[in-house]
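Accompanying notes for the structure given below.
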RNA sequence: GCGGCAUUAGUCCAGCCUGGCAGGACGUCAGCUUCCCAAGCUGAAGGUCGCGGGUUCGAAUCCCGCAUGCCGCACCA
């Protein structure tokens, strides 16, 4: 199950494909979801809503993708979401200034120096372009946010680089109008945008991508007082610690052994793991990787990445960041709004724990982990709840009224379930076609159907068959796709 | 962004070195066959040979530039 095989399957069957591909000026890092991809993504997001949003009693919003400049002044992205780069005046080669200087001058540099300091260091060490020995220009910051010009005056605004900023700016109103109390999770599914220098591997590193983000607002004083924690205290958490050691402990042990900072964090890590179990991604090949201070995002005070093993190596699907009171503190200051929240007669500046999920990458992993190549067939063993098509419906042969009967069944089901009718090729060929796109069940109308009103149900994984009555199909499909604990 | 390799039908690839009708397999479609697990028979459709420029009587083929993809570096959901 290599990346190439998954990629081929995906573009051949309409899971995903490059954006704007018929034009030669199409840009890297933009990908479309086709019909099956959309279905899979919708199912995935609905599972997230069930297992995280509703399970924990969160509230979901849908914010705009374009946000005003001051949002990012406050968030720090205008300042910090940028790499210092320097361009050679002669050959135009672009280099990362901080890395280039520390490598060639043999010194280690602190993060976030002003640009002039880099210029001074380049002059002091007499550094010239490695490519052509030309002089470097002034050090600039390359910001990974996409700027957009609003209206005829082209006013500055930005495409959000993370969906959570919408949550932060909406939270003050939501607390007042939705009768919310700490702790509360805000959830959002939507697009974010980052002007990556090197997008790669289709859904894995995009410039325009989906996130399912959860921002849990809480009172720091009560972070170890989580009633809900009882539900998940025995969930096993595989943790790769910042020092490189690996340990598998229960959520309860992770707190008592001070591996994670508090109950609240452990609770959500456990919830997240239980969610991924239900996506069909193999969580035996997953871990929470604790990030060292150097590896963390600029806003994070402690961080665990949820990573999964794939053919491309360990892939980071979710960033779990403890963002402290940084976000609401900054937005309060810059907007000059009171963003504190009443909690037990005290005004609290909420602390935030975030579960920031890369949806596209997760979709890729769902497909890769479900894919199996057997002797003479390819099969996606995707969970029925996530399957783009729930059932294929076929006539065994194309005569004697079988197609009409099968079509009748198809029409009776199509508004309640994503079902697919096919009468082309041999029956075995049709089963294999559905195997390749992960359809869990195929329903075949044969001569017995005409006599006794039963159909064959053919199972994708076991390739076994059973007969059920036509009237039972509806219930059978319902129980197949029902999300269960 | 740098370095290496690549880009020809929906997919995988041959053709390129040595310029001269754009091909194969699989897939798809139509028909035949078929009472349950692909690749049986007959036929068909499907191509700006990544884009742009140059050399040439003539370019998929040679040269230059760009884009995209893969791998490595770096960065990240």
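The values are calculated or read from the model by the stated rules, or taken from the named source; none is laboratory data. These numbers were taken from a predicted model, which means no experiment stands behind them. Heads up, the Cβs are rebuilt from the backbone with ideal geometry, glycines too, and the neighbour counts pull from every protein chain shown.
Structural remarks
- Verdict on residue A:457 being modelled with pLDDT under 95, touching a strand residue (DSSP E or B) at 6+ places or on another chain (Cβ under 9 Å) and within 11 Å of RNA strand B (Cβ to nearest atom): no
- Of all residues in segment A:423-439, those being outside any helix (DSSP H, G or I) and either away from RNA strand B (no atom under 12 Å from the Cβ) or within 37 Å of the chain's Cα centre (by Cα) (or both) number 5.
- Test: residue in segment A:33-50 that is within 12 Å of RNA strand B (Cβ to nearest atom) and surrounded by 20 or more Cβ atoms within 10 Å (Cβ to Cβ): no
- There is at least one residue in segment A:214-227 that is within 14 Å of RNA strand B (Cβ to nearest atom) and outside any helix (DSSP H, G or I).
- Subset of segment A:15-32 (residues that are over 15 Å from the mean Cα position of the chain (by Cα), near RNA strand B (Cβ under 9 Å from one of its atoms) and surrounded by 14 or more Cβ atoms within 10 Å (Cβ to Cβ)): A:17, A:18, A:28, A:29, A:30
- Residue match in segment A:231-240 (condition: assigned to a loop (DSSP other than H, G, I, E, B), closer than 22 Å to residue A:357 by Cβ and either in contact with a strand residue (DSSP E or B) (Cβ under 9 Å, 6 or more places away or on another chain) or modelled with pLDDT of 95 or more (or both)): yes
- Taken together, A:172, A:152 contain a single residue that is not in a strand (DSSP E or B) and not assigned by TED's automatic domain parsing to the domain that holds residue A:316, which is A:152.
- Members of segment A:186-213 that are within 8 Å of RNA strand B (Cβ to nearest atom), touching a strand residue (DSSP E or B) at 6+ places or on another chain (Cβ under 9 Å) and in a loop (DSSP other than H, G, I, E, B): A:194, A:196, A:197, A:198, A:199, A:206, A:207
Listed here are the residues, each with its yes/no results for (1) exposed (fewer than 14 other Cβ atoms within 10 Å of the Cβ); (2) in contact with a helix residue (DSSP H, G or I) (Cβ under 7 Å, 6 or more places away or on another chain); (3) not assigned by TED's automatic domain parsing to the domain that holds residue A:271.
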residue	(1), (2), (3)
A:384	no, yes, yes
A:391	no, yes, yes
A:407	no, no, yes
A:423	no, yes, yes
A:430	no, no, yes
A:445	no, yes, yes
A:460	no, yes, yes
A:463	yes, no, yes
A:475	yes, no, yes
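- Segment A:363-422: number of residues that are part of a loop (DSSP other than H, G, I, E, B), more than 10 Å from RNA strand B (Cβ to nearest atom) and within 30 Å of residue A:8 (Cα to Cα): 13
- Elements of type strands (runs of 3 or more DSSP E) contained in segment A:1-90, each with 3 or more residues being at pLDDT below 85: A:82-87
- Positions within segment A:281-292 being within 12 Å of RNA strand B (Cβ to nearest atom) and either assigned to a loop (DSSP other than H, G, I, E, B) or over 17 Å from residue A:354 (Cα atoms) (or both), in sequence order: A:291, A:292
- Test: residue in segment A:365-374 that is free of Cβ contacts under 8 Å to residues at least 40 places away in the same chain and out of contact with any strand residue (DSSP E or B) (no Cβ under 7 Å at 6 or more places or on another chain): yes
- Residues being within 10 Å of RNA strand B (Cβ to nearest atom), within 17 Å of the chain's Cα centre (by Cα) and either outside the structural domain of residue A:258 (by TED's automatic domain parsing) or under 25 Å from residue A:218 (Cα atoms) (or both) - total across segment A:298-324: 8
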